[in-house]
1. I want the antiparallel fraction of DSSP beta bridges within the stretch 3-210, as a percent rounded to 5.
2. Placing +1 on the Cβ of each Lys and Arg and -1 on the Cβ of each Asp and Glu in the chain, which of Leu106, Ala15, Leu59 has its Cα farthest towards the positive end of the resulting dipole?
3. Using a Förster distance of 45 angstrom, determine the FRET efficiency expected from the C-beta separation of Ser2 and Met125, and round it to 0.05.
4. Write out the GluC sites (Glu not before Pro) in the stretch 1-79 meeting two conditions: DSSP loop, and at most 16 other Cβ atoms within 10 Å of their Cβ.
5. So how far apart, in nm, are the two label points at Met137 and Ala103 if each is 7 Å from Cα heading toward Cβ?
6. Please grab the % of Cα pairs in the chain that end up more than 26 Å from each other.
7. Where in the chain are the helices, taken as whole DSSP H runs, whose Cα atoms extend 24 angstrom or more along the long axis and whose Kyte-Doolittle mean reaches at least 0.0?
8. With each label point set 7 Å from Cα along the Cα-Cβ vector, what nm distance links Glu9 and Cys48?
Amino acid sequence: MSEEAQIREQMCRLAKSMFDRGLTGGASGNISARLSDGRLLVSPTGSCFGFLDPARLSLFDDEFQQISGDKPTKEMPLHSAFYETRGAKTGAVVHLHSSHSVALSLMPEIDPENMLPPLTAYSIMRLGKVKLLPYFMPGDPAMGEAIHGLAGKRSAVVLANHGPVVAGKDLEAAVYAVEELEETAKLALLTRGANPRLLSQLQIASIVEKFDVEWN
Ligand SMILES: [Zn+2]
């Protein structure tokens, strides 16, 4: 099977897995992946993660000009902003409307520079510091501009009152990272106000050093 055929299949399989577990419902959420020659596969507009068709994914060249497939997601600027600013570190991007991440984005005590409390080592390893971005109107090009504004420094962001956008080196990494974000947001809500024992600054610093986490 060609690389392109493999990525088409894998994208639809991972999207269905997320849909089946309630991580994004209806026609919400979108996903993209870069092929080794620079072309980009993106989920179509209005498509449901449970029923993506490998043959109908939108295909773009390495300058974001569409080559074939259905019309892409309206949230394409969220994806292109990550590919443009993070270069070879980004092979895939996933955006969900996942409940716990959205709920946590509404809480007044959240630090927008580091939105997840340090509850587990894996959230730090997989996500680095997660940036909370403001609320934007659907389709507002300022969404992509806000990601550009991070200049490639963050692999994971949450759009307030909307949902997470996470980049990874490939599809599996991006999907596992967004799942880690959603689970950590859930833990943060479960322990909110209960004075949980957080990882110490020293413990965080050791994780950042050992796993070369993007933290600054
Ligand atoms: Zn969205």
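The values are calculated or read from the model by the stated rules, or taken from the named source; none is laboratory data. Given the structure is predicted, the values throughout are model-derived calculations rather than measurements. In this analysis, Cβ positions are derived from the backbone assuming ideal geometry, glycine residues included, and neighbour counts consider all displayed protein chains. The area values use the complete protein model at the heavy-atom level, side chains included, leaving out ligands, DNA and RNA. Shrake-Rupley method; radii C 1.70, N 1.55, O 1.52, S 1.80 Å.
1. Numbers: 21 of 24 bridges.
Expressed as a percentage, antiparallel bridges in the stretch 3-210 total about 90.
2. Sorting the options by dipole projection puts first Leu106.
3. Working: r = 32 Å, r/R0 = 0.72.
With R0 = 45 Å, the Cβ-Cβ based efficiency is 0.90.
4. On the way: sites: Glu3, Glu4, Glu9, Glu63, Glu75; in loops: Glu63, Glu75.
Answer in residue order: Glu63.
5. 3.0 nm
6. Working: 7254 of 23220 pairs.
Result: 31 percent of Cα pairs exceed 26 Å.
7. Span-like helices, by this rule, are 171-190.
8. 2.4 nm
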